[in-house]
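Q: Here it is: the structure, laid out below.
The values are calculated or read from the model by the stated rules, or taken from the named source; none is laboratory data. Note that the structure is a prediction, hence the values are computed from the model and not measured. FYI the Cβ positions are ideal-geometry reconstructions off the backbone, even for glycines, and counts take in every protein chain you see. Each accessible area value is taken on the protein alone, full model and side chains, heavy atoms only, with ligands, DNA and RNA left out. Shrake-Rupley method; radii C 1.70, N 1.55, O 1.52, S 1.80 Å.
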Amino acid sequence: SHYELLGISEFANQEQIKAAYFKKSRDCHPDWHPRDKVKHDTFVKLNEAYTTLLDPTTRKDYDFKLHSTPDHYITSYPPHYWRNNFQGYNSQQSYAKPPKIFKTKNYIVVLWLCGISLVGVIIHYFIATVGGEIIRKRKEDNNNRIVALHKEITDTARKNGPHKQLQLFLEQH
């Protein structure tokens, strides 16, 4: 197995795998032994073992294949397999049973999304209509004040006459 080739246990972490690989690969590296076919083949196997065991995904697959012989049961997997795959497991539960995963039907998710979208459209409509009404009312009030002020000024100007208005203007400026 790759574990035996690297001289590590199945419980080794990534630092131990890396250290074992570098230690073993120094002894059979092709740059140091360019004509030795056996050491070259050993180095190729070490490299394959290293790349397989260092990546968690390929390591899980390798461990599964390694322990899927008929004389092994599912509980014979190394602990790191269970630790990596079933993080939420309670220690009292059997490892033979996978954790129960809550699955929702697709149409329920679509209905929820449609409902949320509908609520958003309704809220947007009310905000737009109420907000538009408030803006329209403010504009109307401002317009009424401006019209009233204009009417007051024109009435005063008519009442005073053009000569009096000119005199008042010159006094202010």
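Q: All but one of (1) among the aliphatic types (A, V, I, L, M); (2) at pLDDT 85 or above; (3) in a loop (DSSP other than H, G, I, E, B) hold for A96; which doesn't?
A: Of (1) among the aliphatic types (A, V, I, L, M); (2) at pLDDT 85 or above; (3) in a loop (DSSP other than H, G, I, E, B), only one is false for A96: (2).
Q: I've got another one for you. Hey, R26 hits all of (1) more than 42 Å from the chain's Cα centre (by Cα); (2) farther than 25 Å from L66 by Cβ but one; which does it fall short on?
A: That leaves (1) as the condition not met.
Q: If only one of D55, D71 is open to solvent by 80 Å² or more (accessible area, probe 1.4 Å) and either of a type in the set (D, E, K, R) or modelled with pLDDT of 85 or more (or both), which one is it?
A: Of D55, D71, the one residue that is open to solvent by 80 Å² or more (accessible area, probe 1.4 Å) and either of a type in the set (D, E, K, R) or modelled with pLDDT of 85 or more (or both) is D71.
Q: Could you please find all residues in segment 30-52 being open to solvent by less than 40 Å² (accessible area, probe 1.4 Å) and in a loop (DSSP other than H, G, I, E, B)?
A: P30
Q: Any idea which residue in segment 1-29 is modelled with the highest pLDDT, counting only those that are surrounded by 13 or more Cβ atoms within 10 Å (Cβ to Cβ) and in a loop (DSSP other than H, G, I, E, B)?
A: Within segment 1-29, the match that is modelled with the highest pLDDT is I8.
Q: Just to verify a result, which residue in segment 136-160, among those that are of a type in the set (V, I, T) and over 60 Å from the mean Cα position of the chain (by Cα), is most open to solvent (accessible area, probe 1.4 Å)?
A: Per the stated criteria, the residue is I153.
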